[in-house]
1. Run through the range 106-212 and list the GluC sites (Glu not before Pro) located in a DSSP loop whose Cβ has at most 13 other Cβ atoms within 10 Å.
2. Taking only protein heavy atoms and a 1.4 Å probe, what accessible area per residue, in Å², does the range 138-245 have with all protein chains in place?
3. Checking the table Lys236/Lys289; Lys256/Lys291; Lys84/Lys256; Lys77/Lys289; Lys126/Lys152; Lys84/Lys217 against a 18 Å threshold on Cα-Cα, which pairs fail?
4. How would you rank 270-278, 257-265, highest first, on the average number of other Cβ atoms within 10 Å across their residues?
5. Using only alpha carbons, build the gyration tensor for the range 77-145 and give me the equivalent ellipsoid semi-axes, biggest first, whole Å.
6. For the range 147-290, which semi-axes, largest first and in whole Å, follow from the square roots of 5 times the eigenvalues of its Cα gyration tensor?
7. Taking 1 over the mean of 1/r across every pair of different Cα atoms in the range 161-227, what Kirkwood radius in Å do you get?
8. From a point 7 Å beyond the Cα of Gln59 in the direction of its Cβ, which residues of the range 71-99 have a backbone N at a distance under 15 Å?
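The values are calculated or read from the model by the stated rules, or taken from the named source; none is laboratory data. Given the structure is predicted, the values throughout are model-derived calculations rather than measurements. Here Cβ is always computed from backbone atoms with ideal geometry, including for glycine, and neighbour counts include all displayed protein chains. Heads up: the accessible areas ignore ligands, DNA and RNA and are worked out on the full protein's heavy atoms, side chains in. Shrake-Rupley method; radii C 1.70, N 1.55, O 1.52, S 1.80 Å.
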Amino acid sequence: MIRGNKGNNGMTLQNRGLRRLLLAWRCLWAWMPSCIAMMLYAPALLATSSHECLIEPAQTVELGTPVAGLLAQVMVKRGDRVRKHQVLATLDSHAEKAALELARYKSQLSGPTQLAQSKIEFSQRKFERRRDMAAENLMSRQDSDDSEAEFKQAQAELKVAQENREVARLEYEQRDSEIDLRTIHSPFDGVVVDQMMWPGEIVEPGATKHAILKLAKLDPLRVRVVMPMQSFGQQKLGMSAAVTSEIQPGKVYAAKVSGIDRIVDAASGTFVVFLDLPNPELDMPSGVKCKAVFGATSH
């Protein structure tokens, strides 16, 4: 009887252990799908926090002249930093400067005006004398009318002289403006990207090769971020973002949202968000790939 009880007790302990083991397996199996899902989708979740982007110049322009002429000077070269309104190149302007000097001289002529003024003074005195004499019947009315006509003619000649002087002044300003058209100024602070023409070449505005220099504005830089259409509406103007370039992966730059495309590309299912990235020292080049994280701040 004692041995039989011991055997039953051993079987009972084994049954309890199997039950516990089965319960543990059931619990583990219940958690397994969640663990597998986490392992599969965790990289995708992490990837959605950053987006592929491209760093571009804020503005790129090709500079030329609206008038034809011989390229005389180019004061800068490729890679030079330039300032706004800085003179970059000039066309030959010897003939235009001579015409400008002639127009300036004409605008300062005072002889015709003084001559007309003197004729007015003389004809006015003559008219007043003959008018008084005609009133006393000492002279015919015809002589008084003739002197009055001379006086009015002198006044008209003074008006013509004044108008001609004003026309000469406007012609001078026009010639001066034409000289300005033959001088190329930088429209912004930037960098010379390329030089397409050299001194001695003929500049023709209507020709295929019409640009002399190409400039790029690198402060601020423009960051083009390609976003999936599912995230449309999540980014707002002025929203902060952290940008990391492929050539400086350890350095994070702060940027802000400056523009959002309102049209989604149907073929790729994406739209573009534009960021402004300050670059006062020009230590970040344009034309490189990057990654952007919205709502993050740089350190």
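1. On the way: sites: Glu121, Glu128, Glu136, Glu148, Glu150, Glu157, Glu163, Glu166, Glu171, Glu173, Glu178, Glu201; in loops: Glu136, Glu201.
Answer in residue order: Glu136, Glu201.
2. Values: 6100 Å² over 108 residues.
The answer is 57 Å² per residue.
3. Lys236/Lys289; Lys84/Lys256; Lys77/Lys289
4. Details: 270-278: 20.1, 257-265: 13.7.
Going by the mean number of other Cβ atoms within 10 Å, highest first, we get 270-278, 257-265.
5. Working: eigenvalues 784, 28, 11 Å².
The answer is 63, 12, 7 Å, longest axis first.
6. Numbers: eigenvalues 640, 102, 52 Å².
Whole-Å semi-axes of the equivalent ellipsoid: 57, 23, 16.
7. On the way: mean 1/r = 0.0625 Å⁻¹.
Computed over the range 161-227, the radius equals 16.0 Å.
8. Residues 82-86 qualify, since their backbone N sits under 15 Å from the label point.
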